[in-house]
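Visitor: The structure under discussion is supplied below as structure tokens; questions concerning it will follow.
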Amino acid sequence: MRHLGCAGRALPYNVRGRGRLTLALTSLLLKSGADPIVHCDMAAGHRLRLDCRIPSHCWIFFTGRYDDGKRSALLSLLRPGGAVLDVGANIGFYTIPMAIKAKAVGSRVVAVEPLARNAEWLRYNLALNGCDDVTEVLEVALGDQCGQGEIILTEDFLGGGVVGTAVIGSRKIYGPKYPGAMIQLDTLDRIWRDKRPIDIIKIDIEGHETKFLEGGRKTITAHRPVLLIEFCRDHQKMREIDFASAVPSLLPERYIFAELRTNGFVQIDNLEECADADFLAIPEERRHEIEWRSR
């Protein structure tokens, strides 16, 4: 698997059909008995343990990349003495490079991941990169209430993967096809007490983003962080949430929106203009820290 990953990186990054070729070659290797669990040297310099039974992990293994442009731009906003909050940390795709940068500038990372098997791999990847000493892992889901709830294990687990993406939601929405697991629920406002200022929050929780914002309104108002929020249209539609109007109503005053395009960030007036899967919510007093380009 390792040699195949190196060969895959020799192909141009945007070559047509590269994704299909990646999955086909990986499938052949796995059928021949190759170990699906691999260690990947990422282009940004860190390492990750991946499970190549998961299509997204295969792509990462072959390219060594994961949201490099967005992550780099986001980390440029981290300040000494502050904190990064990674909500929906999974196995550390954002957490690891965040922690490496935080260690370099004297900051800290709090990674939130409710699924036990993901959290185990997250801790492994942190130790693999020597940055577990600046990172706190909270094995909890942040929303608008405390207690226990069910998280639904999606396609990543149906293919035999031991880690992957999961969704907090009703069985009425997602149906009986997927297995589930019980998790602990909490709110940002309850957990973030007597901690350092939050500079950045990354939110990738498969349609649960508005619930997180509802449960963190006081903290976000007090700290005014930059937020990178996934615009998960399919999950929002299934939950009948008008995301474009809900998010502005849940954020403090004087926030602006932007998305990353080819040459840099572009301000957008309405979230309906967002063509990407993620967008930035930026407090107006920090807009000078962003490298903007004209539309």
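Visitor: So, restricting to strands (runs of 3 or more DSSP E) that lie completely within region 119-191, which ones have at least 3 residues that are out of contact with any helix residue (DSSP H, G or I) (no Cβ under 9 Å at 6 or more places or on another chain) and free of Cβ contacts under 8 Å to residues at least 40 places away in the same chain?
Guide: Fully inside region 119-191 and qualifying: 147-153.
Visitor: Follow-up. If you take the residues in region 56-82 that are among the small types (Gly, Ala, Ser), part of a loop (DSSP other than H, G, I, E, B) and on the phi < 0 side of the Ramachandran plot, which one is farthest from the chain's Cα centre (by Cα)?
Guide: Per the criteria, the residue is GLY82.
Visitor: Name the pairs whose Cβ atoms lie under 7 Å apart, with the first residue in region 88-101 and assigned to a helix (DSSP H, G or I), the second among the charged types (D, E, K, R), and 6 or more positions between them or separate chains?
Guide: Matching pairs, first to second residue: THR95/ASP86; PRO97/ARG71; MET98/ASP86.
Visitor: Filter region 51-66 down to the residues that are surrounded by fewer than 24 Cβ atoms within 10 Å (Cβ to Cβ) and in contact with a strand residue (DSSP E or B) (Cβ under 8 Å, 6 or more places away or on another chain), then identify the one that is farthest from PRO283 (Cα to Cα).
Guide: Selected residue: ASP51.
Visitor: Which ones in region 223-255 are under 16 Å from the mean Cα position of the chain (by Cα) and at pLDDT below 90?
Guide: Within region 223-255, PHE231, CYS232, ARG233, HIS235 meet the criteria.
Visitor: Quickly run through region 232-249 and pick out the residues that are buried (at least 19 other Cβ atoms within 10 Å of the Cβ) and either of a type in the set (A, V, I, L, M, F, W, C) or closer than 19 Å to GLU285 by Cβ (or both).
Guide: Within region 232-249, CYS232, PHE243, VAL247 meet the criteria.
Visitor: Could you list, in sequence order, all residues of region 276-295 that are over 19 Å from ILE203 (Cβ atoms) and either outside any helix (DSSP H, G or I) or touching a residue at least 12 places away in the same chain (Cβ under 8 Å) (or both)?
Guide: Correct list: GLU284, GLU285, ARG287, GLU289, GLU291, TRP292, ARG293, SER294, ARG295.
Visitor: Looking at ILE220, ILE200, ILE205, can you tell me which residue is assigned to a loop (DSSP other than H, G, I, E, B) and modelled with pLDDT of 90 or more?
Guide: Answer to the selection: ILE205.
Visitor: Would you confirm, using the coordinates I've provided, whether LYS211 is of a type in the set (D, E, K, R), more than 30 Å from ARG79 (Cβ to Cβ) and either part of a helix (DSSP H, G or I) or over 16 Å from the mean Cα position of the chain (by Cα) (or both)?
Guide: Against the criterion (of a type in the set (D, E, K, R), more than 30 Å from ARG79 (Cβ to Cβ) and either part of a helix (DSSP H, G or I) or over 16 Å from the mean Cα position of the chain (by Cα) (or both)), LYS211 does not qualify.
Visitor: Can you tell me which condition THR165 does not meet? The list is (1) closer than 28 Å to LYS237 by Cα; (2) of a type in the set (Ser, Thr, Tyr); (3) more than 15 Å from the chain's Cα centre (by Cα), and all the others hold.
Guide: Going through (1) closer than 28 Å to LYS237 by Cα; (2) of a type in the set (Ser, Thr, Tyr); (3) more than 15 Å from the chain's Cα centre (by Cα) one by one, THR165 breaks only (3).
Visitor: Could you please let me know if LEU85 is surrounded by 19 or more Cβ atoms within 10 Å (Cβ to Cβ), on the phi < 0 side of the Ramachandran plot and either in contact with a Pro (Cβ under 9 Å, 6 or more places away or on another chain) or not in a helix (DSSP H, G or I) (or both)?
Guide: Against the criterion (surrounded by 19 or more Cβ atoms within 10 Å (Cβ to Cβ), on the phi < 0 side of the Ramachandran plot and either in contact with a Pro (Cβ under 9 Å, 6 or more places away or on another chain) or not in a helix (DSSP H, G or I) (or both)), LEU85 qualifies.
The values are calculated or read from the model by the stated rules, or taken from the named source; none is laboratory data. Please read all numbers here as calculations on a predicted model, not as lab measurements. Counting neighbours? That spans all protein chains shown, and the Cβs are built from the backbone with ideal geometry, glycine included.
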